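Have a look at the structure below, then the notes.
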Ligand code: ADP
């Protein structure tokens with residue numbers, strides 16, 4: 001299965017992505033994790049993106065696309081993968097289309113975690129205290145949410161038009177959300193299923 005998980009910062013994408021990946025035996029590929037690992041290891045890429053992540057902005061499409069293109073050629077991604085945090089812009093959607101076309105592959109499903117913004121900001125502030133992520137200050141969280149609304153939220157409509165979008169209510173416990181996610185993955189995407197969300 002080749003899939004994308006979409007949702008605003010703090011929607012719980014990473015948590016659900018890990019669970020899905022275990023369940024389906026596919027790699028969860030998180031561009032945010034890749035960038036953070038590079039920052040931690042002080043690689044050239046890490047130095048290049050450090051300030052961008054700290055401010056809540058987006059790394060350029062050029063840099064991000066190159067990283068994903070490279071990651072998708074690894075053998076563990078040949079039969080399927082779950083992308084978490086990519087694509088995030090229309091340009092990245094187009095780049096991913098090309099990567100998949102080159103491989104003669106296609107996306108099966110795009111899962112969107114739908115959450116309430118105020119709840120999500122609370123989650124992020126709590127995570128900031130636990131994990132000390134540099135981009136979890138209130139100001140940067142606000143910037144990330146705005147960026148998401150402008151650049152990434154419109155991606156849901158693109159995938160809906162392709163009949164690939166499944167929306168899942170992301171509010172509730174990890175277990176509750178995970179049960180909904182499993183159900184959504186087991187149901188074939190239907191065109192025009194706009195649900196109540
Ligand atoms: P969240 O979804 O909570 O914002 P992520 O771990 O997905 O966190 O991403 C953290 C940061 O990494 C983003 O705020 C952005 O700066 C950068 N980033 C991750 N993925 C992308 C992407 N596809 N395009 C551009 N920047 C990205």
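Read-outs throughout are calculated quantities, based only on the coordinates presented, and are distinct from any laboratory measurement. On a predicted model such as this, the values are computed, not experimentally measured, just so you know. Cβ atoms come from the backbone with ideal geometry, glycine included; neighbour counts cover every protein chain shown.
Of everything listed in (1) within 16 Å of the ligand (Cβ to nearest atom); (2) buried (at least 16 other Cβ atoms within 10 Å of the Cβ), the single unmet condition for residue 165 is (1). Against the test of being more than 9 Å from the ligand (Cβ to nearest atom) and either more than 30 Å from residue 125 (Cβ to Cβ) or touching a strand residue (DSSP E or B) at 6+ places or on another chain (Cβ under 7 Å) (or both), the options 47, 19, 111 yield a single qualifying residue, 111. For the stretch 131-149, the criterion of being surrounded by 14 or more Cβ atoms within 10 Å (Cβ to Cβ) and in contact with a strand residue (DSSP E or B) (Cβ under 8 Å, 6 or more places away or on another chain) is met by no residue. Applying the condition of being in a helix (DSSP H, G or I) and touching a residue at least 60 places away in the same chain (Cβ under 8 Å) to the stretch 150-176 and asking which residue is nearest to residue 123 (Cα to Cα) yields 174.
Please tell me if residue 118 is surrounded by fewer than 16 Cβ atoms within 10 Å (Cβ to Cβ) and within 29 Å of residue 2 (Cα to Cα). Against the criterion (surrounded by fewer than 16 Cβ atoms within 10 Å (Cβ to Cβ) and within 29 Å of residue 2 (Cα to Cα)), residue 118 does not qualify. Going by what's in this entry, would residue 126 be described as more than 16 Å from the chain's Cα centre (by Cα), within 11 Å of the ligand (Cβ to nearest atom) and in a helix (DSSP H, G or I)? No; evaluated as a whole, the condition is false for this residue. Of all residues in the stretch 113-123, exactly one satisfies the criterion of being in contact (Cβ under 8 Å) with a residue 12 or more places away in the chain and more than 18 Å from the chain's Cα centre (by Cα), namely 119. When we screen 10, 104, 14 for residues that are within 11 Å of the ligand (Cβ to nearest atom) and on the phi > 0 side of the Ramachandran plot, the only hit is 10.
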